Structure formats: structure tokens, C-alpha cells
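The values are calculated or read from the model by the stated rules, or taken from the named source; none is laboratory data. Note that the coordinates shown come from a computational prediction; the quantities given were computed from them, not determined experimentally. As a convention, Cβ positions derive from the backbone with ideal geometry for all residues, glycine included, and neighbour counts pool all protein chains shown. All accessible areas refer to the heavy atoms of the entire protein, side chains included, with ligands and DNA or RNA removed. Shrake-Rupley method; radii C 1.70, N 1.55, O 1.52, S 1.80 Å.
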Amino acid sequence: MTIVDSLHNEHRSIAKLLDILEHQIDVMAQAGAPDYELIQGIADYFCDYPDRCHHPKENEIFARLREKFPEEAEAIGNIGQEHDVTAGRVREFRQLIREILQEGIVARTAAVGAARNFIEAERRHMEMEEARFFSVAEKKLAPEDWAQVEENLTKERDPLSQGKADQDYKDLRERLLAWARDCQA
């Protein structure tokens, strides 16, 4: 499996989490009773996993692309900056959810708006990466470039993947699996 194949798989997993989060936010927007702990777990995941495991791969590919093909990289935009902006959005949303869980006074509309802002931006960002960034990288970078990218990466993995969740994410994984079973029933 190539690095880009891995990133495609990670994007599919991220998209599923965004769908689950969006469903919970829709419940919240309709003054229902969403699963706040599930929402909190997803927000925590997005505050941790992308910057620890996912974005370093993309940033390393982009750095190599920028080094070898600066014009093509410039046309894509600034991947690292987009990652920083997205991280800020999810931290803002997570803080609002934490305040709700601590029985702080937070308008549902603020939490719903922050969540939708994050979800929409994350989807747009992934669509750009899928449509432009990955295809340019795959076309332009040579096997030795990919080998260098691979060598520069740490071996962090998605804490929810491969049937084994890191201890910090074990409860979230179980809640996600239960939610998926409930949806299928």
C-alpha cells in the first residue's frame, strides 16, 4: 500500500466520522438530545489524530513536491496553513462542547455553528486534497521521492484503526461501533 493509498483510506475514515458528527449536530440543532460524549470523543480525536498521524504525511509529501515542483505546489495552495486553520476550528468547537458538558452557558446555535463550520471546512479540504494534491503528487514525484517521504515519516497510526484502539480512544471506538449497529438496526 502506498502512502497515498493510506491517505485515501484515512480520508474515508475521517469522512465517516464527519457523517456521525454531522448527525449528532443535526440532533442538537433540532433541540434534541445528542450523544454529547460521542461528540466530545470525536472532537478530541480530531484535535489529536490529524496533527499526530495524518497531516505529517501530507506535509512531508507537500514539502517534497514544493522542493521539486514549486509551481505545481503553489497552485495547490498552502497545505500546512490549511491544516492549522482546520485545527483551530475543531479546537473552538471542542471547547464549546466541553463547556456544555461542564454545564456552562453555551448557546446551542454557537456549538452547532462551530461544528458545521468545522465539518464543512474539513470536507472541502479533503476534497481539494483528493482532487488536486494527491493526483499532482502521484504524477510528479518519482519513486525515490516517495522513498524519501517514507523515510522521513514516523510510524504513528490511526488510534481507531485495525481493530485496536489506543487506550485514550477505546471508549470512542466502542461508542462508534454501537452507534453504527444502532443505525443498521
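For the structure I just gave you, tell me whether ILE105 is aliphatic (A, V, I, L, M) and without any contact (Cβ under 8 Å) to a residue 24 or more places away in the chain. Explain how you work it out, then say what you get.
Working: aliphatic (A, V, I, L, M): yes; without any contact (Cβ under 8 Å) to a residue 24 or more places away in the chain: yes.
Considered against the rule, which asks whether it is aliphatic (A, V, I, L, M) and without any contact (Cβ under 8 Å) to a residue 24 or more places away in the chain, ILE105 comes out as yes.
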Exercise for the section: Report yes if some residue within segment 77-97 is at pLDDT below 95, over 30 Å from GLU37 (Cα atoms), open to solvent by 80 Å² or more (accessible area, probe 1.4 Å) and acidic (Asp, Glu); otherwise report no. Expected result: no
Exercise for the section: Determine whether THR86 is polar (S, T, N, Q) and touching a Pro at 6+ places or on another chain (Cβ under 9 Å). Expected result: yes
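Touching a Cys at 6+ places or on another chain (Cβ under 9 Å) and either crowded, with 18+ Cβ neighbours inside 10 Å or among the charged types (D, E, K, R) (or both), is that true of GLU37? Give the steps one after another, and end with the answer.
Numbers: touching a Cys at 6+ places or on another chain (Cβ under 9 Å): no; either crowded, with 18+ Cβ neighbours inside 10 Å or among the charged types (D, E, K, R) (or both): yes.
Criteria not met by GLU37.
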Fill in the blank from the handout: Per the list (1) at pLDDT below 90; (2) open to solvent by 10 Å² or more (accessible area, probe 1.4 Å), residue check on ALA63 breaks on (1)
Fill in the blank from the handout: Picking from ILE20, ILE3, the residue that is in contact (Cβ under 8 Å) with a residue 24 or more places away in the chain and either open to solvent by less than 10 Å² (accessible area, probe 1.4 Å) or closer than 16 Å to PHE134 by Cβ (or both) would be ILE3
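Condition first: open to solvent by 60 Å² or more (accessible area, probe 1.4 Å) and of a type outside the set (Ser, Thr, Tyr). Now tell me which residues in segment 98-112 satisfy that.
Of everything in segment 98-112, those that are open to solvent by 60 Å² or more (accessible area, probe 1.4 Å) and of a type outside the set (Ser, Thr, Tyr) turn out to be ARG98, GLU99, LEU101, GLN102, GLU103, ILE105, ARG108.
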Exercise for the section: Find the residue count for segment 23-34, including only residues that are under 16 Å from ARG123 (Cβ atoms) and open to solvent by 50 Å² or more (accessible area, probe 1.4 Å). Expected result: 2
Handout entry: Per-region count, segment 61-110, residues under 21 Å from the mean Cα position of the chain (by Cα) and under 23 Å from THR2 (Cβ atoms)
Key = 9
Problem - Meets criteria (part of a helix (DSSP H, G or I), in contact (Cβ under 8 Å) with a residue 40 or more places away in the chain and farther than 25 Å from LYS16 by Cα) for GLU72 - result: yes
